[in-house]
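Step one of this worksheet: look at the structure below.
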Amino acid sequence: MDTLSSTVQAWAGSAFAAVFRGIKVVRPQRPIHPKGIQLVGTMQRDDGERQPSGIPWLDTAGTNRVEARLSRSLGLPDAFPDILGLAVRFTEQDRLSDMLLATTGPTGIGRFVLRLRRDAAAAVFSSMMPYKSDTGPVLIAARTIESPGKLPVDPAAFRSLLGGESWTLELHHATPLGAWTRFGTLTLKLAKHAEDTAERFDPVLNPLPTAGTYGWTKRLREPSYAVARGRG
């Protein structure tokens, strides 16, 4: 059964890669998330008692400077809703880590269903694919707790509305169907030196500190990321 599951997962990963390859003919630089907004800020993991996730880094208080990118996954025209992506990069002990979140539902099976959104400030972002902890699978999610108002992911409108203010999101972890537990905050501002970034965020090459990766998630993700890197 394990061999059969691995085969199905590998097939699915190859199928996703084939789709990426086709889109890349039209969008050679970025098959998905073609247009984004560059952000910078801090990610703070709370001090004090809280329900542990089983990922030591996540369960330990601390602060990281971050670079982030908010983007429209499908690249639909700005007037339409889209699946929104929030990629966050930071350095921990001289190693890059990338955390990728996308708009989903907040509860139950909805956490595994991508949703079209117009307003980043009203959206729930989650990792969808779980991290491997000492106690089992862990999801990460983010939701806005402070913003100047609506934040449509039309780059020009977003930059105009956010201006010099901050966008603050509350960070949570949970088991796949369990209750969310707050573990910190992510505070973002517009980057001053560029409208977008050429950086590619890759959770396969740059995993979360002290978190493991399930083989099935890697089999699903790696072929598509290899295509995005230009190696597939």
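The values are calculated or read from the model by the stated rules, or taken from the named source; none is laboratory data. Because the structure is predicted, anything quoted here is derived from the model rather than measured. Here the Cβ is made from the backbone with ideal geometry for all residues, glycine too, and neighbour counts use every protein chain on show.
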For the condition under 16 Å from the mean Cα position of the chain (by Cα) and surrounded by fewer than 16 Cβ atoms within 10 Å (Cβ to Cβ), what is the one hit in Phe112, Phe125? Phe112
Scanning region 190-221 for residues that are crowded, with 16+ Cβ neighbours inside 10 Å and modelled with pLDDT under 80 gives Trp216, Thr217, Lys218, Arg219, Leu220, Arg221
Please go through region 45-78 and give me each residue that is under 25 Å from Pro152 (Cα atoms) and touching a residue at least 24 places away in the same chain (Cβ under 8 Å), ordered by number. Arg65, Val66, Glu67, Ala68, Arg69, Leu70, Ser71, Arg72, Ser73, Leu74, Gly75, Asp78
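Yes/no per residue for (1) at pLDDT 50 or above; (2) closer than 30 Å to Leu161 by Cβ:
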residue	(1), (2)
Ser6	no, no
Gln9	no, no
Ala12	no, no
Pro28	no, no
Val40	yes, yes
Gly62	yes, no
Ser71	yes, yes
Quick one: Gly75 ticks every box in (1) surrounded by fewer than 15 Cβ atoms within 10 Å (Cβ to Cβ); (2) part of a loop (DSSP other than H, G, I, E, B) bar one, so which box is it? (1)
With the first residue restricted to region 152-163 and required to be farther than 19 Å from Leu76 by Cα, and the second required to be in a strand (DSSP E or B) and not charged (D, E, K, R), Cβ contacts under 9 Å at 6 or more apart or on different chains are Leu161/Pro152; Leu162/Ile37; Leu162/Leu39; Leu162/Leu188; Leu162/Leu190; Gly163/Leu190
Just give me the residues in region 63-91 being under 26 Å from His193 (Cβ atoms), of a type in the set (Gly, Ala, Ser) and over 15 Å from the mean Cα position of the chain (by Cα), in sequence order. Gly75
Restricting to region 122-170, give me the number of residues that are of a type in the set (Lys, Arg) and under 30 Å from Trp57 (Cα atoms). 2
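Each row is one residue, and each column tells you yes or no for (1) among the small types (Gly, Ala, Ser); (2) at pLDDT below 95.
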position: Arg111; (1), (2): no, yes
position: Met128; (1), (2): no, yes
position: Asp134; (1), (2): no, yes
position: Val153; (1), (2): no, yes
position: Ser160; (1), (2): yes, yes
position: Glu165; (1), (2): no, no
position: His173; (1), (2): no, no
Search result, residues across region 130-170 that are among the hydrophobic types (A, V, I, L, M, F, W, C), in a strand (DSSP E or B) and within 15 Å of Ala120 (Cβ to Cβ): Ala141, Ala142, Ile145, Trp167, Leu169
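Could you tell me how many of the residues in region 46-72 are out of contact with any strand residue (DSSP E or B) (no Cβ under 8 Å at 6 or more places or on another chain) and either surrounded by 19 or more Cβ atoms within 10 Å (Cβ to Cβ) or not small (Gly, Ala, Ser) (or both)? Can you show your working first?
Narrowing region 46-72 to residues out of contact with any strand residue (DSSP E or B) (no Cβ under 8 Å at 6 or more places or on another chain): 47-49, 52, 56.
Okay, now just the ones that are also either surrounded by 19 or more Cβ atoms within 10 Å (Cβ to Cβ) or not small (Gly, Ala, Ser) (or both), so 47, 49, 52, 56.
Count: 4.
Restricting attention to region 130-147, which residues are farther than 24 Å from Ser73 by Cβ and either without any contact (Cβ under 8 Å) to a residue 40 or more places away in the chain or surrounded by 16 or more Cβ atoms within 10 Å (Cβ to Cβ) (or both)? Lay out the reasoning, then the answer.
To start, the set of residues in region 130-147 that are farther than 24 Å from Ser73 by Cβ comprises 132-136, 146.
Once the filter is applied, which keeps residues that are farther than 24 Å from Ser73 by Cβ and either without any contact (Cβ under 8 Å) to a residue 40 or more places away in the chain or surrounded by 16 or more Cβ atoms within 10 Å (Cβ to Cβ) (or both), region 130-147 yields Lys132, Ser133, Glu146.
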Within region 81-122, the residues that are within 15 Å of Trp180 (Cβ to Cβ), part of a loop (DSSP other than H, G, I, E, B) and touching a residue at least 12 places away in the same chain (Cβ under 8 Å) are Gly105, Pro106
